[in-house]
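Student: Structure provided below as structure tokens; questions to follow.
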Amino acid sequence: MATNLLVRRRMVALFFLFSTCLLLLTGRLGWLQLVCGHRLEAQALEERLRDVVIPAKRGKIYDRQLRELAVSVSAPSVVAFPPEVRLSGKEKEIAAKLAAILQMPEEEVYGRITKNALYYYVRRKVEFAQAEEIAKLRLPGIEIIEENQRYYPNGPLAANVLGFAGIDNQGLEGIEHYYDGELHGQDGALRVEADAVGREIPQAAHTYTPPRDGYSLVLSLDSTIQYLAERELDALMQSPTAPAKAAIIVMDPRNGEILAMASRPSFDPNRYGAYPQSSWRNPNVSDTYEPGSTFKVITAAAALEEGLVREEERFYDPGFIKVGAQNIKCWRFPRGHGSQTFVEGVKNSCNPVFVSLGLRLEEKKPGRFYDYIYAFGFGAKTGIDTGGEAVGQLIPREKLKDIYVGSIAIGQSIAVTPIQLVTAVGAVANGGLLVRPHLLLEVRDQKGGLVRRYDPGPPRQVIAAGTAARLGLLLEQVVKDGTGRNAYLPGYRVAGKTGTAQKPGPGGYQPDKHVASFVGYAPVNDPRVVALVIVDEPKGYPYFGGTVAAPIFRSLVEAVLRYLGVPPAEKVPEPGEPQPVTVPQVLALPVGEAAAVVRAAGLEPQIAGGGVQVREQTPRAGASLPQGSRVLLEAPAAGSTLVPDLTGLSHSQALNRLSALGLVLEAEGSGEVVEQHPVPFTEVARGQVVRAIFKEVPAQPTLAP
């Protein structure tokens, strides 16, 4: 009886135990099914789905004539699906066959095809012949897929500007990197449902998200001009001069569009991995150097704008100039240039003349020289639309001593980038207006429709148009009868400046290493191109900018002007021969400003009368006279005055012009004068208010030169 009771108790205990377990299992099953069901179902589906990225096609890059500089082409890649490879049981056989075709170590291939992943690249972007051979073998778990590969049809042409794109379709250098967001597009995806071993499930769920191809870019570069520049550099590198490096920039000074930007050494972006990384960068924006005498253009511009020097003023050069306790030598030391006018000093590139001008600027107002240096864009990035731009090097204002001022005035103790210098000289060519240099003209969509145009922003007036014209005539004399004779171009008026600078190194300047350069623009009367040629460490002697860089400038600019269809003048005087000039319009200008404009045109003003305003001029504006001829400016004393033409002037320029005539400015808006009341040449009483309407007038980029 006791035994039966014990058995019953055990049976009851087991029943309750099983019931409890069953209840717990039922509860757990209910929890998983009812509460977590949707989440687990989604998770299971996610594990069965295989994502395959569909790369977007990278946008094209064109030059300004819509010629292709960079395109995307199809490239086959070899992909393994390891679950299928392992299921076949032929891992080693497959690895051996792939290794032989792809010329890879068999162990490496085996590791990739047996990877713990749904799919894995064996090798990307292989040769078409290799892909075709692999496809014929029909290896289990091995497929050939199509990807996009960047191709540069012109090889090394403009390589340092364009840069290159990597294996994953991402921009790595140059324009490809800077505008990667526009060029790359948006990748698509294909989601395929597969079983536990990675095989596709028939009639399973498929989700396809199409890619959005990248936008295309239209650059300001012209392939022909780029070729001409690179041809000159290749000839230079193969000549006895054979420098360590060289660079050329060609820019349209009217709008800042870069027409060519070349450098050596360079590389082929189709095989960028075969070249040292140092050859990938663009030295025209990333490298700094001491500009030497080419920087004297800035010194002269500042001194002329401040009224600190006249063309006929005389200087004496004994071969050096003493600054404090130190001497700065002329390049013609110990003989020197002796007595000379400012015009002759510019033609001779005389160091003492320009040191004197730099010191005069500082004497007028401490830091005044630096104001102009900053205004011309030095000490800051130009904002050109490519990566790696340097800012240059300037001695801090608080540490500026007279000896440093003198050195900077002749292009030493300052480091600039090539793009900074060509932009600054472009401002002189452009009537004193500094424009932002740029490489992009337009962004276009896949169908060629316009997405946006590049806006360089409004130009900045750094010197008056009259000052720029005067300086242009001085720089023309440098080419006609000065250190830049080798840049003289028959049929065209050319302005320019030579430069020869010793390279700084440990312990000071290196006597055997120089940078020879030439910067200039043409035609002087209607500048279409400004170009800079830099020859870094030319071999042998002579190594001067006038003998090494100027001939390259001449050959290049002549070819560029003819390509652009700029006709040569009917007659351009030979060096030393007087040339005819057009009499400028100076009616109603203050006497001092009118005289400066006449001198800038290469004529000699003769002032008659004691008034403050030119009321008559003889000959009239538009007449043609031999250079150096006299122009009579009549300025009779009168109670009334003529309202001058203010069109295109900034606020300060308009204010100065009216104040000199006893008139009052009433300004509306900002930018430059686009309208005035009373209209120009109206006779009014002194003290009259002249209302001027100012507006910002941005530079408009163009598609073709």
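Student: Does the stretch 548-566 contain at least one residue that is modelled with pLDDT under 85 and out of contact with any helix residue (DSSP H, G or I) (no Cβ under 7 Å at 6 or more places or on another chain)?
Tutor: No, that holds for no residue.
Student: Can you name every residue in the stretch 632-653 that is among the small types (Gly, Ala, Ser) and outside any strand (DSSP E or B)?
Tutor: Those that are among the small types (Gly, Ala, Ser) and outside any strand (DSSP E or B): ALA635, ALA637, ALA638, GLY639, GLY648, SER650, SER652.
Student: Look at SER659 and say whether it is in a helix (DSSP H, G or I) and modelled with pLDDT under 80.
Tutor: So SER659 does not fit the description; no.
Student: Looking at (1) modelled with pLDDT of 70 or more; (2) surrounded by 15 or more Cβ atoms within 10 Å (Cβ to Cβ); (3) not acidic (Asp, Glu), which is the one condition that is false for GLN33?
Tutor: (2)
Student: Within 20 Å of LEU357 (Cα to Cα) and more than 25 Å from the chain's Cα centre (by Cα) - does that describe any residue in the stretch 408-428?
Tutor: Within the stretch 408-428 (the criterion being within 20 Å of LEU357 (Cα to Cα) and more than 25 Å from the chain's Cα centre (by Cα)), the answer is yes, since at least one residue qualifies.
Student: Still on this structure, please answer the following. Do the conditions hold for ILE61, that is, is it closer than 30 Å to ILE175 by Cβ and modelled with pLDDT of 90 or more?
Tutor: Considered against the rule, which asks whether it is closer than 30 Å to ILE175 by Cβ and modelled with pLDDT of 90 or more, ILE61 comes out as yes.
Student: Restricting to the stretch 435-481, name every residue that is of a type in the set (Asp, Glu), part of a helix (DSSP H, G or I) and at pLDDT 90 or above.
Tutor: Within the stretch 435-481, GLU476 is the sole residue that qualifies.
Student: Of all residues in the stretch 449-471, which are closer than 25 Å to THR382 by Cβ and free of Cβ contacts under 8 Å to residues at least 60 places away in the same chain?
Tutor: ARG452
Student: Consider ILE145 against the criteria (1) more than 25 Å from GLY188 (Cα to Cα); (2) hydrophobic (A, V, I, L, M, F, W, C); (3) touching a residue at least 60 places away in the same chain (Cβ under 8 Å): it satisfies all of them except one. Which criterion is unmet?
Tutor: (1)
Student: Give just the number: which of (1) over 28 Å from the mean Cα position of the chain (by Cα); (2) of a type in the set (Asp, Glu); (3) in a loop (DSSP other than H, G, I, E, B) does ASP512 not satisfy?
Tutor: (3)
Student: Name, by its number, the condition in (1) without any contact (Cβ under 8 Å) to a residue 40 or more places away in the chain; (2) over 30 Å from GLY59 (Cα atoms) that does not hold for ALA129.
Tutor: (2) is the only condition that ALA129 fails.
Student: OK, next. Of the numbered conditions (1) over 26 Å from the mean Cα position of the chain (by Cα); (2) under 30 Å from GLY671 (Cα atoms); (3) aliphatic (A, V, I, L, M), VAL479 fails exactly one; give the number of that condition.
Tutor: Checking VAL479 against (1) over 26 Å from the mean Cα position of the chain (by Cα); (2) under 30 Å from GLY671 (Cα atoms); (3) aliphatic (A, V, I, L, M), the one that fails is (2).
Student: Are any of the residues in the stretch 482-500 within 25 Å of the chain's Cα centre (by Cα), over 16 Å from VAL530 (Cα atoms) and at pLDDT 90 or above?
Tutor: yes
Student: Taking into account only those residues within the stretch 570-590 that are farther than 14 Å from LEU625 by Cβ and at pLDDT below 80, which is surrounded by the most Cβ atoms within 10 Å (Cβ to Cβ)?
Tutor: Among residues in the stretch 570-590 that are farther than 14 Å from LEU625 by Cβ and at pLDDT below 80, the one surrounded by the most Cβ atoms within 10 Å (Cβ to Cβ) is VAL572.
Student: Can you tell me which residue is farthest from ARG231 (Cα to Cα) among those in the stretch 157-208 that are assigned to a loop (DSSP other than H, G, I, E, B), of a type in the set (A, V, I, L, M, F, W, C) and modelled with pLDDT of 70 or more?
Tutor: For the stretch 157-208, the residue satisfying everything is ILE167.
Residue-wise test of (1) among the charged types (D, E, K, R); (2) in a strand (DSSP E or B); (3) closer than 20 Å to GLY163 by Cα; (4) out of contact with any strand residue (DSSP E or B) (no Cβ under 7 Å at 6 or more places or on another chain).
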| position | (1), (2), (3), (4) |
| --- | --- |
| VAL53 | no, yes, no, no |
| ALA56 | no, no, yes, no |
| GLY59 | no, no, yes, no |
| VAL71 | no, yes, yes, no |
| VAL79 | no, yes, no, no |
| GLU93 | yes, no, no, yes |
| ARG112 | yes, no, no, no |
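Student: Hey, another quick one. Could you look through the stretch 494-517, keep only residues that are out of contact with any Lys or Arg (no Cβ under 7 Å at 6 or more places or on another chain) and buried (at least 24 other Cβ atoms within 10 Å of the Cβ), and pick out the one that is farthest from LYS329 (Cα to Cα)?
Tutor: Ranking the qualifying residues of the stretch 494-517, first place goes to VAL494.
Student: Follow-up. Quick one: in the stretch 402-421, of everything that is assigned to a loop (DSSP other than H, G, I, E, B) and aliphatic (A, V, I, L, M), which residue is surrounded by the most Cβ atoms within 10 Å (Cβ to Cβ)?
Tutor: Within the stretch 402-421, the match that is surrounded by the most Cβ atoms within 10 Å (Cβ to Cβ) is ILE410.
Student: Any idea how many residues of the stretch 319-348 are in contact with a helix residue (DSSP H, G or I) (Cβ under 8 Å, 6 or more places away or on another chain) and assigned to a strand (DSSP E or B)?
Tutor: Here the count works out to 7.
The values are calculated or read from the model by the stated rules, or taken from the named source; none is laboratory data. Because the structure is predicted, anything quoted here is derived from the model rather than measured. Note: ideal-geometry Cβ built from the backbone for every residue, glycine included; neighbour counts use all protein chains shown.
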